[in-house]
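Have a look at the structure below before the remarks.
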Amino acid sequence: MGLTSEWARAWVIESVRVIAENRMELTALDRPIGDGDHGENMNRGFTAVMPKLDDLSDGTPADVFKLVAMTLISTVGGAAGPLYGTAYLKAAGAVAGRDELDGEAIVALYTAARDGIVLRGKAEVGEKTMIDAWTPAVDAATEAHAAGKTELAILLAAAEAAENGAVATEPLIARKGRASYLGERAIGHRDPGAQSSALLLRAAADVADG
Ligand code: ADP
Ligand code: MG
Ligand code: MG
């Protein structure tokens, strides 16, 4: 069974919930190596998505992601707003016109999201950014799909890889964003954007889990 717009909607609703639930933690991560606003930025953006999602009566998964993109671009601000906005916009483009997403489409969705973030922010793996969650997630999804896994297993593999990737940012020196001004003082702190990315990718799997 493929993933429908019901899944896309459920993912967004769960994203709103987990971002709200974790906003203090995300902001706390952003305090030592940033300006202490990542949780609030993300929460403002995702909260603004909810009423618009209610207005979108039907549509494809791409319509849902495009709505998220537009809302995040106009409400999140900072570095994360345009980065996540581009991610959702490119993700929408990758699955445009499809009513159901199979494993291949999920890989295309996540790959396009990651590529959008790279296009916008030019970060490479190991530079202590959200890319350190997204690229392992894309790799794990690609591998799971190649191994013939189910859609749920692909989403779960990506979520786990993103979580491990977020943890793995802790010993890194940042090369992009505000944390890059700190040099070695960024060592020992988890990147907030990698953490929020892991939360969003876990939410995608949780709602497919039923
Ligand atoms: P700001 O730094 O403007 O306050 P946020 O705190 O909302 O924005 O987001 C910070 C996060 O953005 C970082 O933790 C990092 O993951 C991500 N980030 C910053 N610059 C880049 C970049 N060039 N590429 C990818 N991600 C980035
Ligand atoms: Mg910040
Ligand atoms: Mg800021």
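The values are calculated or read from the model by the stated rules, or taken from the named source; none is laboratory data. Keep in mind that what you see is a predicted model, and the values were worked out from it rather than measured. Positions of Cβ are backbone-derived with ideal geometry, glycine not excepted, and every protein chain shown enters the neighbour counts.
For the range 68-84, name all the residues that are outside any loop (DSSP other than H, G, I, E, B), crowded, with 23+ Cβ neighbours inside 10 Å, within 16 Å of ligand 2 (Cβ to nearest atom) and not aromatic (F, W, Y). Answer for the range 68-84, where residues must be outside any loop (DSSP other than H, G, I, E, B), crowded, with 23+ Cβ neighbours inside 10 Å, within 16 Å of ligand 2 (Cβ to nearest atom) and not aromatic (F, W, Y): L72, A80, L83.
Of all residues in the range 78-91, at least one satisfies being at pLDDT below 95, within 16 Å of ligand 3 (Cβ to nearest atom) and over 25 Å from T142 (Cβ atoms). Quick one: is R44 modelled with pLDDT of 95 or more, of a type in the set (D, E, K, R) and within 16 Å of ligand 3 (Cβ to nearest atom)? The answer is yes for R44. Taking the stated definitions as given, is A158 among the hydrophobic types (A, V, I, L, M, F, W, C) and surrounded by 23 or more Cβ atoms within 10 Å (Cβ to Cβ)? Criteria met by A158.
Whenever a residue of the range 75-97 is closer than 13 Å to R114 by Cα, its partners that are aromatic (F, W, Y) and away from ligand 2 (no atom under 16 Å from the Cβ), lying with C-beta atoms within less than 7 angstrom and at least six residues away or across chains, give the pairs Y88/F65; A91/F65; A92/F65.
Being more than 14 Å from the chain's Cα centre (by Cα), within 16 Å of ligand 1 (Cβ to nearest atom) and either buried (at least 19 other Cβ atoms within 10 Å of the Cβ) or among the aliphatic types (A, V, I, L, M) (or both) is the filter here; which residues of the range 85-120 pass it? Of everything in the range 85-120, just one residue is more than 14 Å from the chain's Cα centre (by Cα), within 16 Å of ligand 1 (Cβ to nearest atom) and either buried (at least 19 other Cβ atoms within 10 Å of the Cβ) or among the aliphatic types (A, V, I, L, M) (or both), namely L119. Restricting attention to the range 121-141 and to residues that are in a loop (DSSP other than H, G, I, E, B) and crowded, with 24+ Cβ neighbours inside 10 Å, the residue that is nearest to the chain's Cα centre (by Cα) turns out to be M130.
When the range 54-75 is filtered for residues that are aliphatic (A, V, I, L, M) and at pLDDT 95 or above, the ones remaining, listed by number, are A62, V64, L67, V68, A69, M70, L72, I73.
The set of residues from the range 19-72 being on the phi > 0 side of the Ramachandran plot and touching a residue at least 40 places away in the same chain (Cβ under 8 Å) comprises just one member, G59.
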